[in-house]
Amino acid sequence: MRDEIPWPPAWPRHLDAEFGPPPEGGYRACADDFEVEECLGFAPEGHGEHLWLWIEKRDATTVMVARELARLCEVGSRDIGYAGMKDRLAVTRQWFSVHLPGREAPQGLVEMLAQRGIVALSSQRHPRKLKRGVHRGNRFTLRLSGTAVDDDRFEQRWSRLIQQGVPNYFGPQRFGDGGRNLVRAREVLEKGWRKRDDREGMLLSAARSYLFNAQLGERLARGEWLEPLGGDVMMLDGTQSLFAVETADSAVASRLAEGDIHPTAVLWGLGGSRAGAAAAELEQAVLSRTPALCRGLERAGVKAARRALRVRLTQTHLRREPGQAWVSFVLPSGAFATAVLRELMSHPSLEFRSTIATHDRGVS
């Protein structure tokens, strides 16, 4: 029997309990309203077989730039590296690497990229290929507008997110328009996942992201996403270090309130959950609703991992202007700016909505 996966899901926001649902707002009316700059956390060494390019792009996906680099440099797609996928409708700056052992970049590469709207701001050599997920985070600078910005409680919402953190939801873009990626993921996992059906791992990611969001949504609904539970697996802020909490005592609660540690939920796969007691009971209650999805991930050979339920905003800045506001903040790699915006405003693109007629009745 196939899993019934309700779509669109009713995953709650954090600030609704205090302020109510946020007013309508607008963002990303054009690419210049949404800037993303990759924070690598280290610098290329200046020598080696890989040419690293610091690139600015507009209205182009990371994959589009990677393909263009491969074509112009006459290398295979595997010779191109990048740390993370960046938005298309945005101004983004990120590093790419090209494997060019024993040779220089093609003459006129910068000019040829510029003709395609891709700006190479600088370049350096490095001994190794740029791997996915090695960057420390991303800096976002966003222009917001609409009733949400004019609301008297906008700055209170912003301040509360800085103080308490943001639910670390995977954004709607992870699931595709109307949840299409999730529907396809279920189909592939039911028949047995194969690399050729999902070369970038997008479908596996959609399935795991859905299960994580469901766990986070359950804890938010219960008012327990910032409350330590017995058996919680905590993540130390700013690291991937994990440790189990047998008893949710006052010391743990204090560290959690200070933002030093964060509860986690499982990204399902082989090895299962490391949680115990109350935390494991909650996770199992959520995961048991979609057993076929969990089994499919295990058969695909995905290894289980943990992800923090909360993400903190750092290097924050707010600038008010008539009818609009500019917000700037840094998020660690893997976190979504849409999760921040969802707490500040109501906008169709920030919700997990269905745009497919068959989904209006749920994914069954």
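The values are calculated or read from the model by the stated rules, or taken from the named source; none is laboratory data. Fair warning: this is a prediction, and the values are worked out from it, not measured in the lab. For neighbour counting, all protein chains shown are included, and Cβ atoms are generated from backbone atoms with ideal geometry for every residue, glycine included.
Within the range 97-104, can one find any residue that is surrounded by 15 or more Cβ atoms within 10 Å (Cβ to Cβ), without any contact (Cβ under 8 Å) to a residue 60 or more places away in the chain, within 19 Å of Glu200 (Cα to Cα) and not small (Gly, Ala, Ser)? I'd like the intermediate steps shown before the answer.
So the first thing to find is which residues in the range 97-104 are surrounded by 15 or more Cβ atoms within 10 Å (Cβ to Cβ), and the list is 97-100.
Those still in the list that are without any contact (Cβ under 8 Å) to a residue 60 or more places away in the chain too: 97-100.
Now drop any that are not within 19 Å of Glu200 (Cα to Cα), which leaves 97-98.
Filter once more, keeping what is not small (Gly, Ala, Ser): 98.
Yes - at least one qualifying residue is present in the range 97-104.
If you go through the range 177-184 one residue at a time, do you hit one that is part of a helix (DSSP H, G or I), of a type in the set (A, V, I, L, M, F, W, C), more than 15 Å from the chain's Cα centre (by Cα) and in the same structural domain as Leu293 (by TED's automatic domain parsing)? Please lay out each step first, then the result.
Keep residues of the range 177-184 that are part of a helix (DSSP H, G or I), which gives 177-184.
Now narrow it down to the ones that are of a type in the set (A, V, I, L, M, F, W, C): 182-183.
Filter once more, so that each one left must be more than 15 Å from the chain's Cα centre (by Cα): 182-183.
So of that shortlist, the ones also in the same structural domain as Leu293 (by TED's automatic domain parsing) come out as 182-183.
Yes: the range 177-184 contains one or more residues that are part of a helix (DSSP H, G or I), of a type in the set (A, V, I, L, M, F, W, C), more than 15 Å from the chain's Cα centre (by Cα) and in the same structural domain as Leu293 (by TED's automatic domain parsing).
The requirement of being at pLDDT 95 or above, of a type in the set (D, E, K, R) and under 16 Å from the mean Cα position of the chain (by Cα) is not satisfied by Arg157. On the given criteria, is Gly272 surrounded by fewer than 21 Cβ atoms within 10 Å (Cβ to Cβ), modelled with pLDDT of 95 or more and in a loop (DSSP other than H, G, I, E, B)? Criteria not met by Gly272. Take the conditions (1) in contact with a Phe, Trp or Tyr (Cβ under 9 Å, 6 or more places away or on another chain); (2) surrounded by fewer than 20 Cβ atoms within 10 Å (Cβ to Cβ); (3) modelled with pLDDT of 95 or more; Met345 misses just one of them, which is (2).
Filtering the range 79-113 to residues that are among the basic types (Lys, Arg) and more than 30 Å from the chain's Cα centre (by Cα) leaves only Arg103. Residue-level analysis places Leu203 among those that are in contact with a helix residue (DSSP H, G or I) (Cβ under 8 Å, 6 or more places away or on another chain) and buried (at least 19 other Cβ atoms within 10 Å of the Cβ). A single entry from Glu56, Glu24 fulfils the requirement of being touching a helix residue (DSSP H, G or I) at 6+ places or on another chain (Cβ under 9 Å) and touching a residue at least 12 places away in the same chain (Cβ under 8 Å): Glu24. The condition of being at pLDDT below 95 and over 27 Å from the mean Cα position of the chain (by Cα) holds for only one of Arg71, Arg116, that being Arg116.
Of the residues making up the range 1-26, those that are under 23 Å from Arg310 (Cα atoms) and not in a loop (DSSP other than H, G, I, E, B) are Asp16, Ala17, Glu18, Phe19.
Check Ala214, Ala221 and return the single one that is modelled with pLDDT of 95 or more and either surrounded by 13 or more Cβ atoms within 10 Å (Cβ to Cβ) or more than 22 Å from the chain's Cα centre (by Cα) (or both).
On the way: Ala221 fails: either surrounded by 13 or more Cβ atoms within 10 Å (Cβ to Cβ) or more than 22 Å from the chain's Cα centre (by Cα) (or both).
Only one candidate passes the filter, namely Ala214.
Taking each residue of the range 207-224 that is on the phi < 0 side of the Ramachandran plot and looking for partners that are among the polar types (S, T, N, Q) with beta-carbon atoms closer than 7 Å, six or more apart or interchain, yields Leu211/Thr290; Leu216/Asn168.
Looking only at residues in the range 17-49 that are touching a Gly at 6+ places or on another chain (Cβ under 9 Å) and of a type in the set (Gly, Ala, Ser), the one that is farthest from Glu351 (Cα to Cα) is Gly41. Leu331 fulfils the conditions (1) crowded, with 16+ Cβ neighbours inside 10 Å; (2) free of Cβ contacts under 8 Å to residues at least 60 places away in the same chain; (3) closer than 30 Å to Ala148 by Cα except for a single criterion, (2). Residue count for the range 1-33 satisfying the condition of being farther than 16 Å from Ala148 by Cα, aromatic (Phe, Trp, Tyr) and buried (at least 21 other Cβ atoms within 10 Å of the Cβ): 1.
Among what's in the range 292-314 and is in a helix (DSSP H, G or I) and in contact with an Asp or Glu (Cβ under 7 Å, 6 or more places away or on another chain), pick the residue that is surrounded by the most Cβ atoms within 10 Å (Cβ to Cβ). First the steps, then the outcome.
Quick first cut of the range 292-314, residues in a helix (DSSP H, G or I) only: 292-299.
Next, only the ones that are in contact with an Asp or Glu (Cβ under 7 Å, 6 or more places away or on another chain) stay: 292-293, 296.
Values: Ala292: 15, Leu293: 22, Gly296: 25.
Per the stated criteria, the residue is Gly296.
How many residues are part of a helix (DSSP H, G or I) and crowded, with 17+ Cβ neighbours inside 10 Å if we restrict to the range 119-159?
Keep residues of the range 119-159 that are part of a helix (DSSP H, G or I), which gives 147-150, 154-159.
From what's left, crowded, with 17+ Cβ neighbours inside 10 Å: 148-149, 154, 157-158.
Residues that pass the stated criteria total 5.
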